[in-house]
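A quick write-up on the structure given underneath.
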Amino acid sequence: MGALGKLIDMSLFFLFAVLAVFLPLIDGQVLLPGIYPKFLTDLKNWYSSEFNDYLFTEKPHFFVGLIWHELLFQWPLMIANVYAFLTRKSWYGTTCLLCGASFLTSIAAALGDIIGSGRVTNRLLSMYLASMGFGILALLRGLVSHSTKRSPVLARRRKLA
């Protein structure tokens with residue numbers, strides 16, 4: 001894939017690894033607030049106050065559903081992506097595609113509420129837009145890996161010609 005592809009893969013690896021750690025430790029507090037140590041609750045409280053992320057403090061029902069989705073579907077995909085990257089598995093592009101599409105959909109729902117609520121701040125918007133960029137990058141990485149593979153049907157046709 002070239003130097004740009006390797007840079008994108010390294011960036012995605014770093015983001016997948018960070019999110020694989022932070023999703024259960026920070027986002028999980030929305031679902032199970034009483035089981036985390038004080039330094040993690042302080043970190044989540046710092047984030048929600050620093051960025052004015054009212055979704056973490058008010059916990060609307062749709063957001064709780066998104067967190068369940070993140071922990072049950074996206075988190076295992078992120079762990080799989082870290083493993084696939086480190087071991088150079090052929091299915092890395094497929095899991096990037098799945099993770100990117102899922103992540104992008106979740107962020108779009110949260111962004112819709114944030115922008116529609118009228119309580120958006122520049123810092124909060126930039127945080128969610130950066131997350132959306134991560135989803136787009138993962139989605140495109142998955143699409144590029146699929147578009148560069150040759151179809152066995154096309155290969156047979158060329159042999160016949």
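The values are calculated or read from the model by the stated rules, or taken from the named source; none is laboratory data. All values derive from a computational prediction rather than experimental measurement. In case anyone asks, the SASA skips ligands and DNA or RNA and just uses the protein heavy atoms, side chains included. Shrake-Rupley method; radii C 1.70, N 1.55, O 1.52, S 1.80 Å.
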Return a whole-number percent for the relative contact order of region 12-86, with Cα pairs under 8 Å and 6 or more residues apart as the contact set. 52
Using only Cα atoms, locate the centre of region 3-22 and the centre of region 44-98, then give the distance between them in Å, rounded to an integer. 14
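With N set to the number of residues, divide the alpha-carbon radius of gyration of the chain by 2.2 N^0.38 Å and report two decimals.
So the chain has a normalised radius of gyration of 1.22.
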Give me the percent relative contact order of the chain, please, defined on Cα pairs under 8 angstrom at least 6 residues apart. 26
Express in nm, to one decimal, how much length is gained between residue 125 and residue 91 on full extension, taking 0.36 nm for each residue of separation and deducting their alpha carbon distance. 9.0 nm
Excluding ligands, DNA and RNA, the carbon-plus-sulfur percentage of the accessible area of region 19-154 with a 1.4 Å probe reads 70
Note to self, the chain gives a 222 nm [θ] from helices alone (DSSP H runs n ≥ 4, -39500 (n - 2.57) apiece, / all residues, nearest 500) of -25000 deg cm²/dmol
Could you report the chain's accessible area per residue, 1.4 Å probe, as an integer in Å²? 58
Which helices, counted as full DSSP H runs in the chain, have an axial Cα extent of no less than 27 Å and a Kyte-Doolittle average of -0.5 or above? 2-22, 92-117, 122-147
